[in-house]
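The values are calculated or read from the model by the stated rules, or taken from the named source; none is laboratory data. These numbers were taken from a predicted model, which means no experiment stands behind them. We place every Cβ from the backbone using ideal geometry, glycine too, and count neighbours over all the protein chains shown. Note: areas computed on protein heavy atoms with side chains; ligands, DNA, RNA excluded. Shrake-Rupley method; radii C 1.70, N 1.55, O 1.52, S 1.80 Å.
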Amino acid sequence: MDKPRCPDNQARHLTEEHLRKLLTVVEDARERAILLTLVLLGLRRSELLHLDARDVDLSANRIHIRNAKGGKSRVLPVPSDLRPALQQYIAEHRPDGHHPLFLGCHGRRLSRSALGRLFDKWLQAAGLQDEGLTPHSCRHGAATRWLRAGLNLRDVQLLLGHADISVTARYLHSSVDDIAAQIDAKVPSIDSAGGPSCRRPTVEPMWQDVLTQLTQQQRQALLSVAKSMLADGKPAHDRDARRP
């Protein structure tokens with residue numbers, strides 16, 4: 001029997017506009033550090049909640065994610081926008097050693113439900129309660145931001161801690177404006193004479209990675225298709241001139 005397939009719907013991601021609105025209402029040092037750690041590092045909720053004070057090394061500009069999904073660990077750089085928030089929070093609350101980095105109201109490790117309530121409070125204060133956002137939307141937003149900044153899919157896979165790059169591909173979020181910008185940048189324009197201009201389209205790093213993974217036979221097949229497309233694009237008298 002065929003296994004049932006779930007709809008492949010992309011989750012909502014936290015956009016730059018969402019983040020700007022949230023930062024205007026999240027002023028508490030602890031809450032601001034929690035929000036920016038989620039948004040700028042793209043952590044899973046469980047990874048954020050299991051952070052200990054010893055995992056943050058601001059002198060080396062590193063955060064150690066221990067026992068992540070699948071029992072794996074990874075080390076992430078501390079972004080420049082996150083560093084001041086962590087410094088202020090650590091200076092005020094002074095967590096140390098094996099103590100949890102982020103504490104709840106009762107002095108114990110922040111729980112999943114408490115994080116959910118915090119996030120809902122932020123959304124309500126920012127007027128984003130109807131946007132369908134969750135803490136996991138911050139992870140999608142981080143991946144989208146990294147890809148738009150020019151990181152290739154393999155780098156994003158390492159930052160997110162995915163074992164399979166196909167899982168990382170689900171985090172790709174493109175808007176109509178993004179696609180229009182890509183078309184303008186990479187598709188040859190039409191000059192005043194009605195023909196394509198001499199501007200050469202650029203190749204994204206992600207596609208360069210894909211090309212390097214092709215076999216010689218696949219490269220030859222791709223080259224043949226490209227040559228036929230170029231030949232079809234030439235004027236008829238040029239094609240006739242080459243015929244015997």
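Descriptive notes on the structure:
- Shape category assigned to region 9-74 from the gyration tensor of Cα positions, a/c cut at 1.5: oblate
- 9 Å beta-carbon shell around Ser46, net charge (K/R +1, D/E -1): +3
- Dipole magnitude (debye, nearest 20) for region 3-76, charges at Cβ of Lys, Arg, Asp, Glu: 460 debye
- The listed residues Arg62, Arg45, once ranked by accessible area (1.4 Å probe) with the largest placed first, stand as Arg62, Arg45.
- Projected onto their three principal axes, the Cα atoms of region 37-114 cover extents of 32, 30, 23 Å, largest first.
- Carbon/sulfur fraction of accessible area - region 100-141, other protein chains in place, 1.4 Å, %: 50 percent
- In this structure, the amide hydrogen of Leu103, modeled 1.01 Å from its nitrogen in the peptide plane, lies closer than 5 angstrom to those of Leu110, counting only residues at least 5 positions away or on a different chain.
- Here the 3J(HN,Hα) profile of region 131-137, calculated from phi with Karplus coefficients 6.51, -1.76 and 1.60 at θ = phi - 60°, is 8, x, 8, 9, x, 5, 4 Hz, Gly and Pro shown as x.
- Table column - 3J(HN,Hα) (Hz), region 83-89, Karplus curve with 6.51, -1.76, 1.60, x for Gly and Pro: 4, x, 5, 5, 4, 5, 5
- Here the label points at Lys121 and Arg83, each 7 Å from Cα along the C-beta direction, are separated by 3.0 nm in the simple model.
- Per residue, region 18-162 exposes an accessible area of 50 Å² to a 1.4 Å probe, with every protein chain left in place.
- Here the peptides 151-157, 52-58 are ranked by packing, the mean other Cβ count within 10 Å, and the order with the highest first is 151-157, 52-58.
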